[in-house]
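All remarks here apply to the structure that follows.
The values are calculated or read from the model by the stated rules, or taken from the named source; none is laboratory data. Computed from a predicted structure; not experimentally measured. Cβ placement follows ideal geometry from the backbone for every residue including glycine, while neighbour counts extend to all protein chains displayed. For the accessible areas, the whole protein counts, side chains as well, though only heavy atoms, and no ligand, DNA or RNA atoms are used. Shrake-Rupley method; radii C 1.70, N 1.55, O 1.52, S 1.80 Å.
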Amino acid sequence: MVGGPRSRSEWGARSQGRSAFQMIWGAVIVAAGRGSRFGRPKQLVALGGKPMLSWSIEVFASMPEISDIAIVTEREFVEDVQEVAIGIVRSASLVVVAGGADRQASAANGIAALPEHCAGILVHDGARPFVRAADVRAGMRAVRPGMAALLAAPVVDTIKVVDDARKVVRTLDRTTLWAAQTPQLATARDMRAAHTEAVRHDWPRATDDAALLERYGNDVVVVESSVENVKVTHPADLSRAEAIAQEREPVVAEEDVFLIECFVEPRSVDAVMAELESRSARIDGVERDLPNAVAIRAYAGSDALRGFGRRLHALAGEEALFTTHLSHVVART
């Protein structure tokens, strides 16, 4: 991005396996249900030796693309959930808010709690503890203005439509049917607008965000999820989830490492290199034989890039430029 990122939401990157424009994301984890089918609230039920909600928090907190996490829970659990989340979330900003009257209202509360610098928003059900970062990223890659995405699984059962007397009316073609899961993802503008329009025009209440995005006019695509992305709804589901938890590998927090190329006048080279080194960047080379500038190449983590554009202009003038390209991902230390 020539000229450098003017805001956090403008960072972009291209790399193998992650070739789409990389937005800064906000994640909403909805965990505000009363657990009527489960028999009790599920947010803090022990699963694999830790609260169920902590599993999905760990995944989103490990992803450098996600700058902000909003967790929505029942009002009486806000402090308990905050205590759990604070012990997990290290780099992202965190907020825990109370839920609304239904799932749609709770999701809207979480969306409203995310800051404006988030260019993309995903909404995830806390009752799906085993979502995988690779699947989330696949959903992220599908998102564009006017196009949303959701994780889903092909329906394997034959589905019958019945009337009030439970008489079969017709049989659906299961090759066209997918079971919606979460997260569900869209640009922040589309996600916020869909929820706003739903309230403004009193649309029928929706059980997921994709339905609102469809009605708002977005194209919505499904991204096939891993088989582990199960939902814990009934007490019997907990036994299956425990088995998955025993086989689950620990989540490793990741950090993006970017190749930075700065183009500055010769007089500014030393100052810019010193600034990069102060941000723990590794200088890779300096090319001085360009016709109008000196090129400085360095590698730095995503955290080190915050505020770098403003600092570069302060040191080298408004004409200084820099580009960033995602180089690789490393475990966060």
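Numerical summary
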{"read-out": "Most positive-pole-ward Cα, Ala113, Ala314, Ala206, against dipole of the chain from beta carbon charges", "value": "Ala206"}
{"read-out": "Segment Asn292-Val330, length gained on full extension (0.36 nm per residue, minus Cα span)", "value": "10.2 nm"}
{"read-out": "Unit charges at the beta carbon, dipole of region 239-329: most positive-side option, Leu305, Ile244, His325", "value": "Leu305"}
{"read-out": "Surface share of carbon and sulfur [accessible, 1.4 angstrom probe, percent] for region 225-278", "value": "52 percent"}
{"read-out": "Share of carbon and sulfur in the accessible heavy-atom surface of region 21-132 [1.4 Å probe, %]", "value": "49 percent"}
{"read-out": "Residue-normalised accessible area of the chain, given per residue in Å² at a 1.4 Å probe", "value": "49 Å²"}
{"read-out": "Sites matching trypsin sites (Lys or Arg not before Pro) across region 242-333 that sit in DSSP coil, with at most 10 neighbouring C-beta atoms within 10 Å", "value": "Arg288"}
{"read-out": "Per-residue HN-Hα couplings for region 285-300 [Karplus 6.51, -1.76, 1.60; θ = phi - 60°; Hz; x = Gly/Pro]", "value": "x, 10, 10, 9, 9, 6, x, 10, 6, 10, 9, 10, 10, 8, 10, 8"}
{"read-out": "Relative contact order (%) - region 252-333, alpha-carbon pairs under 8 angstrom, separation at least six", "value": "50 percent"}
{"read-out": "Region 195-271 versus region 61-136: alpha-carbon centroid distance in Å", "value": "10 Å"}
{"read-out": "Summed side-chain charge close to Ile69 - residues other than Ile69 whose Cβ falls under 14 Å, Lys, Arg +1, Asp, Glu -1", "value": "-2"}
{"read-out": "Of the GluC sites (Glu not before Pro) in region 26-118, those whose Cβ has at most 13 other Cβ within 10 Å and which sit in DSSP loop", "value": "Glu116"}
{"read-out": "Net lengthening on full extension, Val252/Asp270 (0.36 nm per residue, minus Cα-Cα)", "value": "2.9 nm"}
{"read-out": "As computed over region 183-267, the Cα convex hull volume per residue (Å³)", "value": "214 Å³"}
{"read-out": "Relative contact order (%) - the chain, alpha-carbon pairs under 8 angstrom, separation at least six", "value": "19 percent"}
{"read-out": "Cα-based Kirkwood hydrodynamic radius, region 25-157, one decimal, Å", "value": "15.1 Å"}
